[in-house]
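The values are calculated or read from the model by the stated rules, or taken from the named source; none is laboratory data. These figures come from a predicted structure and were not determined experimentally. Cβ sites come from the backbone with ideal geometry, for glycine too, and all protein chains shown count toward neighbours. Quick note on the areas: whole protein, heavy atoms, side chains included, nothing else; ligands and nucleic acids left out. Shrake-Rupley method; radii C 1.70, N 1.55, O 1.52, S 1.80 Å.
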Amino acid sequence: MIRSEILKDIAPILRDQLVVCNIGLPSQELHMIDDQPTNFYMLGTMGLSSSIGFGLALAQDKKVISIDGDGSVLTNFGTLPTIANNVADNYILLIIDNGSYGSTGDQPTYAGKKTSLTEVARACGCENVVEVAAKDTGKALQAALDGDQMTIIVSKCESGNIKVPVITMDPVVIRDRFMKSVQA
Amino acid sequence: MSINTKIVDDLVANDISFVTTVPCKQLAGVIDEIDARPGVLHVPSNKEDEGMGLCAGAWMGGKRPAIIMQNTAIGVTINTLATLIQYYRMPLPMLISYRGELREPVACQVEMALHTKALLAQMNIPTYHFHTQSDADELNEILKYTFMCNKPVAILTDANFWGGYGDQ
Ligand SMILES: [Mg+2]
């Protein structure tokens, strides 16, 4: 499975949740598969999906899912100790780990080589880290939503991209409808 | 009243309840004061762009944020300021230790000090420079302005403002 197939698979689970989605193809794919006002699409700033979602989880009680990538987590490694040391049990970090920088042409990342993001997250102090095969992502995500414990899911999948249109929605519109969903 | 207490009183009076920090010696007293206030959630970050991500999320979650950092971080956060905070139009008061100004003992700090105001001006970020303690009288108005216009706003606090570096 590739990332877009995982997103298609878990879209019914994501639909009613607050989702912060990683820059580039992940956001474009989620937007194409199932655009929702509860989705915050990142149009810039690689690496900060986990930080934005975590800040949101700390500030209010609804559950928050950050969808991140292996390359983006590598860019913002400092996020994992922050998450580990300020636990928010309404927070789920879903790292779709395809071992490559998908949005820039599938150049390999170190996560696809010797570096295990699962082990890094554990070493940073994250207590509930699960690594799953791509096809089990939905099951793991549902279990995390049903539990009341902060969860890091590392979903191992194949690299590969589909053709998707860019998001042309104005950023302030994305942000405004997302904030209204948070308050609803 | 100490300057640290005054600054944190102004943050609290403006409903700021989420603060992230990358520490600086000059701002240590402010950070201690924040930790002493139960109504303010303090989440230290490892890098300033990470901290701005946390602040963006906290604001969308209904908490008014602030970031405390050194001016060297302007070099780290240009992209985040442009493509997250400004692009999505979010308010962010940045309380900044302005290293490399008069009374600075460490020569290397001067290098980023030379770029600090130019970068902030290039980014169209409203910038206030506290040089003497009475300059902080405007902090309350600066914070109101920040949340009125939903922009990042820089408050540069130099060594003279903090009374020098003690023994140095
Ligand atoms: Mg990837």
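Tabulated results
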read-out: Separation of alpha-carbon centers, the range A:90-159 and the range A:28-66, rounded to whole Å; value: 16 Å
read-out: Beta bridge orientation in the range A:3-183: antiparallel %, DSSP, nearest 5; value: 10 percent
read-out: Estimated distance in nm for a label pair at B:Lys25 and B:Leu102, the labels positioned 7 Å out from Cα along Cα-to-Cβ; value: 2.0 nm
read-out: Peptides ranked, highest mean first, by Cβ atoms within 10 Å: ranges A:123-132, A:52-61, A:89-98, B:154-163; value: A:52-61, A:89-98, B:154-163, A:123-132
read-out: Net charge of Cβ neighbours under 14 Å - reference A:Leu117; Lys, Arg +1; Asp, Glu -1; value: -1
read-out: Average beta-carbon neighbours from other chains, 10 Å sphere, peptide B:73-84; value: 3
read-out: Accessible surface, per residue, of the protein assembly as shown when the full set of protein chains is kept, probe 1.4 Å, Å²; value: 40 Å²
read-out: Shape category assigned to the range B:3-158 from the gyration tensor of Cα positions, a/c cut at 1.5; value: rounded
read-out: Fraction of antiparallel bridges per DSSP, the protein assembly as shown only, in percent to nearest 5; value: 5 percent
read-out: Neighbourhood net charge (11 Å Cβ-Cβ; Lys/Arg +1, Asp/Glu -1) for B:Phe147; value: +2
read-out: Under 14 Å, Cβ to Cβ, from A:Ser159 - net charge with Lys/Arg +1 and Asp/Glu -1; value: -3
read-out: Calculated from backbone phi, Karplus (6.51, -1.76, 1.60) coupling profile of the range B:15-30 in Hz, x at Gly/Pro; value: 6, 6, 10, 9, 10, 10, 9, 10, x, 8, 3, 5, 9, 4, x, 5
read-out: Alpha-carbon spread of chain A, three principal axes, descending order, Å; value: 41, 36, 28
read-out: Cα-based convex hull volume of the range A:104-153 per residue, rounded to whole Å³; value: 101 Å³
read-out: The range B:105-168, Rg to Rh (Cα coordinates; Rh as Kirkwood inverse mean 1/r); value: 1.02
read-out: Ranked by how many other beta carbons lie within 10 Å on average, peptides B:51-62, A:136-147, B:28-39 from highest; value: B:51-62, A:136-147, B:28-39
read-out: Helix-only mean residue ellipticity at 222 nm for the protein assembly as shown, each DSSP H run of n ≥ 4 adding -39500 (n - 2.57), per residue, nearest 500; value: -12000 deg cm²/dmol
read-out: Calculated FRET value between A:Asp61 and A:Arg15, using beta carbons and R₀ = 25 Å, to 0.05; value: 0.80
read-out: Projected-area mean, the protein assembly as shown, by convex hull of Cα positions, square nanometres; value: 17.6 nm²
read-out: Averaged over A:39-51, number of beta-carbon atoms from partner chains that fall within 10 Å; value: 6
read-out: Between the range B:5-21 and the range B:65-131, the Cα center-to-center distance that results, in Å; value: 19 Å
read-out: B versus A: buried accessible surface, summed, Å² (probe 1.4 Å, to nearest 100); value: 2100 Å²
read-out: Förster radius 25 Å - calculated FRET efficiency between A:Leu74 and A:Glu158 (Cβ-Cβ, nearest 0.05); value: 0.85
read-out: Computed label-point distance, nm, for sites A:Asp146 and B:Asn140 using a 7 Å Cα→Cβ extension; value: 5.4 nm
